[in-house]
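I have placed the structure first, in the form of C-alpha cells, so that the comments after it can refer back to it.
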Amino acid sequence: MSDFFAFTPADWQAIWLTLKLCFITTLLLMLLATPLAWWLARGGSWFHTVVQSLVALPLVLPPTVLGFYLLILLGPQGWIGQTLESMGLNHLAFSFNGIVVASLIYSLPFAVQPLQDAFGRLGHRPLEVAASLGASPMDRLLTVVFPLCRGGLVTAATLSFAHTMGEFGVILMLGGSIPGETRVLSVMIYDYAEALDFQNAHRLSLLMLVFSFLILVAVYGRQRRFSLFAQRNVNS
Amino acid sequence: MSLNVSVNWQRDAFCLQLAQSFPSKGVTALYGPSGCGKTSLLRIVAGLERGAMSNVSFNGVDWQNESLCVPLEKRRIGLVFQEASLLPHLDVRANLEYGWRRTKPAQRRLAPEEIYRMLALESLLQHRTDQLSGGQRQRVALGRALMTSPDLLLLDEPLAALDAVAKRQILPYLARVVRDTETPTLLVTHSTDEVLRLADHIGFMENGSVAPVVRLAEALQDPSSPLFADEGAVSVLQGQFVIEGNGGWGMFSTTSYHLHVRSSPEYMSLHSGSTAFQNHRLQIYARDVSIALTDPTQISIQNHLAAKISGLTEKDDGLVLVRLTLADGQLLMAELTSASVSRLGLILGMPVWALVKSAALLQ
C-alpha cells in the first residue's frame, strides 16, 4: 500500500500536463464565456437561439464526433490548419495548443451556463441604478456585475476546470497520446488499462475520482449556502 | 429652461405619442391609470428606452435625438423606482456613497450630512440593506439619488409598493426633500394624495398621451378632474402655519383669513423644534364645506370664510359642486345637494360664508 501512491515520472508528467491544460483552458474560457454569456442573457432573437444551441452542442455530441471534426478542421489538411501553416505557424493536430482549443469548445457550455444564469438573475435594475449614480459601463461591470455574480463566476470556473480534467474522447481523437504534449491523465489511464497495467491505472483513476468529487462538493456546498442565504434574504 | 420631450413610439399594441414641455422647477406630477405610459415616458427621459423614437432635451442640452443618445450616467438624473433597488452587496452607507464618489466635487450641491439629516438616515448607515423595513429602504434609495446632486429627479411611483403606515411616514420626508433641495422633479403617480402633497404642476396621462401640463391649482378647478375620482372633489390652500398651544393645534393663515387646524403626530415629530412654517398646504374636501348666507355665530364649526361663488356645476348624482373664490383669490370647493342650492338661491357672483368642518395639513 505504501508504494501504491508512488507516482512514476511519467505519471507526474501527465499530472502536470493535465493541470496546465486545465488552468489555461479555465483562464481562456472565463475571458471568452463572460462576454458570450452576457450577450446570451440579454437577448431573445433567433440568432441568440442559434448561438445558444451551438454552445450547448458539446453536451449532447459524442466526444468522438467533436474530436473528429476538430481533427479535420485543425489538422494539416484542414481549413484552419492550412491557414495557420500558410502563416508560417504549425497546424494544431497532435499538439498541446490543439487540445487547448478542443478543451475550450468541449467545456464551453459548463462556463457559459452558470454565468448566463447569474447574469439573467441579476436583471437590468441594479445596472440602471448604478448608471443613474454616474457609473460608466466598465465601472458597472466591476462594481455591480462581478460582485453580484460572484457565485456564478466561481461555479463557472470550477466546473470548467473539472470538466476539462475529465476530458478524454476529444483529446484522444485530436491529440493522440504524446508524452508531455497531449498525454493527459485520462489518456494515460486508458494507455495503462490497454496494456493491462491495472495497478497504475487504478492509482490515477482513484486520484481523479477523489479530486473530482471534492470539486463537486465545493461547488454544490457553495450553491447550497448561496441559495439558503438568498432564501433568508427573501424571507426577511 | 425646461425639459422637452417628444415621443412617437409604437410597441406591440401600445402607442406612446406626445410632444410636451415640462417645467424644470418644482414637482411635476405625471398622473394617470396604470398602463397609460407614464413609466415609459419616465424611462425615455432617463435614456433607458433606446428603441423609442424620441427627442429629449433638458435646459437647452440635447439628451436624445435621431443621431445621439446621451447615456444615463452622463445625464445627472436621480432615479427612484417603485422598489428601492438598493445594491445588495453594499451596506447602507456604501449605497449612499456610491453616487457621491462618482460626482465631481464641483457638482456637489448637497452635502451628505444634510441629506442624512433630512431623511433621518444617520441611524441606518451601518445596517445591511436586508435589515431595513420597506419604508427605510425607500428613504435610503431617495437619499442615494440625491447624493449625486442631480439636475433632475425622476420618481417612478416611489411609494406604491409601501403599506399605508410606511407611506404616511415617508411622505413628509419626500415633501421636505423636493422642497428643500430645489431639485426639479418628475413624479409618476396614480395617487391623488401624493399629487396634493407634492405637486406644483400636473400632466394627466391617458392611453399614451399627455394633456398640457398645468399648475395644480388650475387642475383643481376642473369639477370633473380625474383627481377627484376616488375621494371626491378637494381643494388645496397655500398659506403659513403657526403652532399654538397643545395637541398640535395651530393657525393656518393667508394674507386675508385664518383657519384653526390641527397637525398630525407624524407632522409634529418631523418638525419638532420649530413652530412656524411658510408655504404650507391645507387640504379641504368639498364634502366638508357647507355654505351659509350670513356668518352664523351659534354653531360649533369654527372656521368661517367669506367667499364669492364663482362656479356651479351640477353632477350626475344630484349633487352640485360650488366653486368659491376666497378673499385672497384662492379657490375652495363645496359640495351641496341641488335642493340646498335652490333653497338658498345660490347664483354666480353671490357673496356667501364657507363653513369648513375639517381640514388636513399637508407637508
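One table, with the values for the structure above:
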quantity: Condition met for B:V56 (open to solvent by less than 10 Å² (accessible area, probe 1.4 Å) and assigned to a strand (DSSP E or B)); calculated: yes
quantity: In segment B:310-320, residue surrounded by the most Cβ atoms within 10 Å (Cβ to Cβ) [restricted to those that are part of a loop (DSSP other than H, G, I, E, B) and touching a residue at least 12 places away in the same chain (Cβ under 8 Å)]; calculated: B:K315
quantity: Residue check, B:E49 open to solvent by less than 40 Å² (accessible area, probe 1.4 Å) and within 25 Å of B:E206 (Cβ to Cβ); calculated: yes
quantity: Those residues of segment B:145-196 which are hydrophobic (A, V, I, L, M, F, W, C) and modelled with pLDDT of 90 or more, in sequence order; calculated: B:A145, B:L146, B:M147, B:L152, B:L153, B:L154, B:L155, B:L186, B:L187, B:V188, B:V195, B:L196
quantity: Single residue of B:L79, B:L86, B:L146 found to be more than 10 Å from chain A (Cβ to nearest Cβ) and either under 28 Å from B:E49 (Cα atoms) or crowded, with 16+ Cβ neighbours inside 10 Å (or both); calculated: B:L146
quantity: Residues of segment B:96-121 classified as within 26 Å of the chain's Cα centre (by Cα) and either more than 23 Å from B:A166 (Cα to Cα) or not aliphatic (A, V, I, L, M) (or both), total; calculated: 10
quantity: Residues located in segment B:149-180, provided they are under 15 Å from the mean Cα position of the chain (by Cα), assigned to a loop (DSSP other than H, G, I, E, B) and more than 14 Å from every other protein chain (Cβ to nearest Cβ); calculated: B:E157, B:L159, B:A160
quantity: Test set (1) crowded, with 19+ Cβ neighbours inside 10 Å; (2) out of contact with any Ser or Thr (no Cβ under 7 Å at 6 or more places or on another chain); (3) farther than 30 Å from B:M118 by Cα - B:R323 fails condition number; calculated: (2)
quantity: Near pairs, Cβ below 6 angstrom, 6+ apart or cross-chain, from segment B:225-246 (at pLDDT below 90) to any residue that is exposed (fewer than 13 other Cβ atoms within 10 Å of the Cβ) and polar (S, T, N, Q); calculated: B:I243/B:T275
quantity: Which listed residue, of B:A334, B:A307, B:A354, is part of a strand (DSSP E or B), closer than 26 Å to B:H280 by Cα, touching a residue at least 40 places away in the same chain (Cβ under 8 Å) and touching a helix residue (DSSP H, G or I) at 6+ places or on another chain (Cβ under 7 Å); calculated: B:A334
quantity: Segment B:7-46, residues that are open to solvent by 50 Å² or more (accessible area, probe 1.4 Å) and of a type in the set (G, A, S); calculated: B:A13, B:A19, B:S21, B:S34, B:G35
quantity: Residue satisfying all of: in segment B:59-76; open to solvent by 40 Å² or more (accessible area, probe 1.4 Å) and either on the phi > 0 side of the Ramachandran plot or in a strand (DSSP E or B) (or both); nearest to the other protein chains (Cβ to nearest Cβ) among these; calculated: B:R76
quantity: Residue check for A:L206: over 18 Å from the mean Cα position of the chain (by Cα) and either open to solvent by less than 40 Å² (accessible area, probe 1.4 Å) or within 30 Å of A:A131 (Cα to Cα) (or both); calculated: no
quantity: Flag if B:N4 is touching a strand residue (DSSP E or B) at 6+ places or on another chain (Cβ under 6 Å), surrounded by fewer than 16 Cβ atoms within 10 Å (Cβ to Cβ), more than 14 Å from every other protein chain (Cβ to nearest Cβ) and not in a helix (DSSP H, G or I); calculated: no
quantity: Entirely in segment A:95-163, the helices (runs of 4 or more DSSP H) that have 2 or more residues that are within 14 Å of chain B (Cβ to nearest Cβ) and open to solvent by 30 Å² or more (accessible area, probe 1.4 Å); calculated: A:137-140
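This table checks each residue for (1) hydrophobic (A, V, I, L, M, F, W, C); (2) loosely packed, with under 14 Cβ neighbours inside 10 Å.
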{"residue": "A:Q13", "(1), (2)": "no, no"}
{"residue": "A:T18", "(1), (2)": "no, no"}
{"residue": "A:M30", "(1), (2)": "yes, no"}
{"residue": "A:T49", "(1), (2)": "no, yes"}
{"residue": "A:L71", "(1), (2)": "yes, no"}
{"residue": "A:A93", "(1), (2)": "yes, no"}
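Quick grid of which residues meet (1) at pLDDT 95 or above; (2) outside any strand (DSSP E or B); (3) open to solvent by 70 Å² or more (accessible area, probe 1.4 Å):
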position	(1), (2), (3)
B:V261	no, no, no
B:E266	no, yes, no
B:R287	no, yes, yes
B:T297	no, yes, yes
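The values are calculated or read from the model by the stated rules, or taken from the named source; none is laboratory data. Since we're looking at a predicted model, the values are computed, not measured. Note: ideal-geometry Cβ built from the backbone for every residue, glycine included; neighbour counts use all protein chains shown. Each accessible area value is taken on the protein alone, full model and side chains, heavy atoms only, with ligands, DNA and RNA left out. Shrake-Rupley method; radii C 1.70, N 1.55, O 1.52, S 1.80 Å.
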